[in-house]
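Below is one structure; the comments refer to it alone.
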Amino acid sequence: MALIAPSILAADFANLQRDSEMVNESQADWFHIDVMDGVFVPNISFGMPVMDAIKRHAKKTMDVHLMIVQPERYIEEFKAVGADILTVHYEASTHLHRTLQAIKAEGMQAGVALNPHTNVNVLEDTIEDIDLVCLMSVNPGFGGQKFIERTYEKVRALRKMIDERGASTKIEIDGGVTSANAAQLVEAGADVLVAGSFVFKSDDPKATIADLKKITE
């Protein structure tokens, strides 16, 4: 069964407490928090104060995805506002290994995100140091985009690499996840599914999360 991580980027920002409590009460496993700086991606989301506000209500794992340049500058700050898992982009991290070590030194799990155009082979030298690989199945920066079909191949290739190395790395899929592709993603080797618009824009978000859990059993 996959872990389900609703993306707070798709929540109603005027009702963050309500939407956070919905996630708490649902069958979701994690909160997925997207932090964007308007530089690495062409959008700005929110930073530490909003994340701190979410943390006051969140009772589940805080999975924080940094779509920012020089993410290593803010590792301690994100730990302070409640991050349990901190994911940086391969494309934004000049010294990836050092950044992963710094994240772990703060007591968080360390994740690496890959843009759609980045081959999973770039992680061959660091896979044993990575707790989570977040494969972007849309171009990062905006919610509600169409799923990129080549993602399935990337999941299979990454799963093969992880298994061959005997690593315990989880594979997370972020972007365009729905009940139509959830089972196929898990079959390919995914462990965690991020769902934003599909959950929060549905008529019954809790039922939608329950449906995703059931589909991926």
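Values quoted throughout were computed directly from the atomic coordinates according to the rules given, and no laboratory measurement underlies them. Quick caveat, the model's predicted, so the values are computed rather than measured. Cβ placement follows ideal geometry from the backbone for every residue including glycine, while neighbour counts extend to all protein chains displayed.
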Footprinting proxy, K201, K170: sorted fewest to most Cβ within 10 Å, the residues are K201, K170
Taking 152-161, 36-45, 117-126 and ranking on average Cβ neighbours within 10 Å, highest first, one gets 152-161, 36-45, 117-126
Magnitude of the Cβ-charge dipole (Lys and Arg +1, Asp and Glu -1) of the chain about the Cα centre, nearest 20 debye, reported as 160 debye
Only helices counted: for the chain, with every DSSP H run of 4 or more residues adding -39500 (n - 2.57) and the sum spread over all residues, [θ] at 222 nm is -9000 deg cm²/dmol
If the chain between T94 and N15 were fully extended at 0.36 nm per residue, the gain over the current Cα-Cα distance would be 24.7 nm
Once both label points are put 7 Å beyond Cα along the C-beta direction, the D125-A183 separation in nm becomes 4.2 nm
Given the candidates T151, T178, A190, the one whose Cα lies deepest towards the positive end of the charge dipole of the chain, counting +1 at each Lys or Arg C-beta and -1 at each Asp or Glu C-beta, is T178
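Mind sorting M22, M51 by how few other Cβ atoms lie within 10 Å of their own Cβ, fewest first?
The fewest-first ordering by Cβ neighbours comes to M22, M51.
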Rounded to one decimal in Å, the inverse mean reciprocal Cα-Cα distance for the chain, i.e. its Kirkwood radius, is 17.0 Å
Listed residues P49, P140, P116; largest mean-square fluctuation, Gaussian network over the chain with Cα springs below 10 Å, found at P49
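Looking at the chain only, what percent of DSSP beta bridges run antiparallel? Nearest 5 please.
Antiparallel bridges: around 5 percent, rounded to the nearest 5.
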